[in-house]
1. Report, for the chain, the % of DSSP beta bridges that are antiparallel, rounded to 5.
2. With n ≥ 4 as the cut-off for DSSP H runs, can you work out [θ] at 222 nm for the chain, using -39500 (n - 2.57) per run divided by the number of residues, rounded to the nearest 500?
3. What percent do you get for the relative contact order of the chain when only Cα pairs under 8 Å and 6+ apart count?
4. Just want the ordering: 12, 166, from fewest to most Cβ atoms lying within 10 Å of their own Cβ.
5. List 228, 26 from most exposed to least, where exposure is judged by having the fewest other Cβ atoms within 10 Å.
6. For region 35-97, what class follows from the C-alpha gyration tensor (a ≥ b ≥ c being the square roots of its eigenvalues): rounded when a/c is under 1.5, otherwise prolate if a/b is larger than b/c, else oblate?
7. Considering only DSSP beta bridges where both residues belong to region 125-235, give the percentage that are antiparallel (nearest 5).
8. What list do you get for 42, 22 if you sort them by fewest beta carbons within 10 Å?
Ligand code: UTP
């Protein structure tokens, strides 16, 4: 069986306020997709909700407090962003699944037939990081790449602590000490990795590669199994 790669692409990478960098980034992403398909690779891509998710959750919060309802608003935004990436890949003629699956098992099945499957969130109670880990599990992939807007996992929050150290290699248990494990985040809350994803990766023995998704060359290195600038978490 051809190896399957699963990538969580953080919604923050699609930032509309950084239009110049964004169009360059889309161009590099398209080139990478053509290259991957040319080499017969199969890649599952899970897209985060980014700004649309946060804005829509804030809007809904004015009337709604139940977290599962707010999560559903977030899921709709992830599916919107997934559709953007799916259509961009279809537009350049890539062999992309025509639907945005609602479950990771459906995505894994579609990855048997298509070079790319793009999806967003699934059910309330976790983020797209966890969806990507479940997709990796269902597709028989040992590694899940988390491409986000920070270059590494840090030993403490670098936004709060000037002396935070970036980490290049750690075990899943060491990661769990930093992020927590198994406890859901509040709807729209941000964290380097969702603690639910950490728990699922541990349960399914999936390694995690956390890297800066703004650098497409770094993503390509990780997809090629080469050393990459980021954090490798072994299960
Ligand atoms: P994201 O996966 O986008 O959250 O989901 P994130 O970690 O903040 O990722 P970035 O910043 O986009 O990279 C956004 C929200 O959608 C809901 C949750 O409320 C989450 O906070 N969601 C998403 C779910 O409830 N289930 C899912 O499967 C996915």
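1. Antiparallel bridges: around 20 percent, rounded to the nearest 5.
2. -13500 deg cm²/dmol
3. 23 percent
4. 166, 12
5. In increasing order of surrounding Cβ atoms, one gets 26, 228.
6. Because a/c hits 1.5 or more and a/b exceeds b/c, region 35-97 counts as prolate.
7. 40 percent
8. Lowest count first: 22, 42.
Any read-out appearing in this document is the output of simple, stated calculations on the displayed coordinates, not a laboratory observation. Note that the coordinates shown come from a computational prediction; the quantities given were computed from them, not determined experimentally. Glycine gets a Cβ as well: all are built from the backbone with ideal geometry, and neighbour counts include every protein chain shown.
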